[in-house]
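Let me begin by presenting the structure, written as C-alpha cells, before commenting on it.
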C-alpha cells in the first residue's frame, strides 16, 4: 500500500491528518473533537485503536482540542516537541504516555518522522514522514517558508501546505482587529494564498507532484481562491495543474480523499 495521507479536517476550527504506512497509522494533530475524529477515521476504514501515535505540532486549540478526551478513551501515545511538552502535559492532566521529541528523527512503527521547525508565535513544528522510500510532509501554521525548509520538503511525494488567507479578504474583514491582522500577516503568523503559491512553485521545482492546501480560514479565504492562486502560479512557471502537479484543497467540514503513494 505504500504511504498515504487523508486530511480529516483542516481550518481555523480544527486540524488533523491521518498518515498510514504499510503497518502503522498515525495522526498529525488532534484539533477535532474525539467524536469527530472517530467518525472521520471511519471514512478511511481506520478504528481509533489502530492509531499508534499522535504527533502534535503545537499547543493551539485548533490542533489539540480533541486530545484530552481522545487519550482518556484510547490511551494513544502523544509525541510532542520538548518546548511544547509542558503545555500539553498540563492540558492532559498528568497523562503519562507523552513522548518528548527534539529536532531529530524518531520512529513510530515503520514510519520515520522528521520534525521541521517552523516560524509561528508559539513553539511549532511541521513534520516529514518517511516509509519505504516515500515521503509526506505536513506544514501548517507558519509565517514564512525559509529556503532551508523549502529544500527539506522539496523531495516529498505529497505536501500538505498552509494556504490560510487571502490578504485582501483579511484586511477588509471588520471582525478582525488590527492587532490580529498584523499577527496573521507577520513572519510568525500564517501563509497567505500568495505565499502558498510561491511555496508551491518551489516545491514543484524540487519534484513535488501532489499538493494539498490546508488550514484555510473560513472568514478570510475560500477553497476556490486558494486553488486558483496556486494553480495560476504553477501554470505561469510551466507546471500544468492536474497534469504535472495535482492540487487539492482540504476543508474543515469533511475529510479529503485518501492520497496514496504506491
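The values are calculated or read from the model by the stated rules, or taken from the named source; none is laboratory data. The shown structure was predicted, so the numbers you read here are calculated from the model rather than taken from an experiment. Every residue, glycine as well, gets a Cβ built from its backbone with ideal geometry; the counts of neighbours run over all protein chains shown.
The figures follow:
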{"item": "Qualifying residue in region 225-236 (condition: within 18 Å of the chain's Cα centre (by Cα) and either assigned to a loop (DSSP other than H, G, I, E, B) or in contact (Cβ under 8 Å) with a residue 40 or more places away in the chain (or both))", "result": "yes"}
{"item": "So residue 109, is it outside the structural domain of residue 202 (by TED's automatic domain parsing), surrounded by fewer than 16 Cβ atoms within 10 Å (Cβ to Cβ) and at pLDDT below 95", "result": "no"}
{"item": "Filter result (surrounded by fewer than 21 Cβ atoms within 10 Å (Cβ to Cβ) and within 18 Å of residue 115 (Cβ to Cβ)) within region 1-34", "result": "24"}
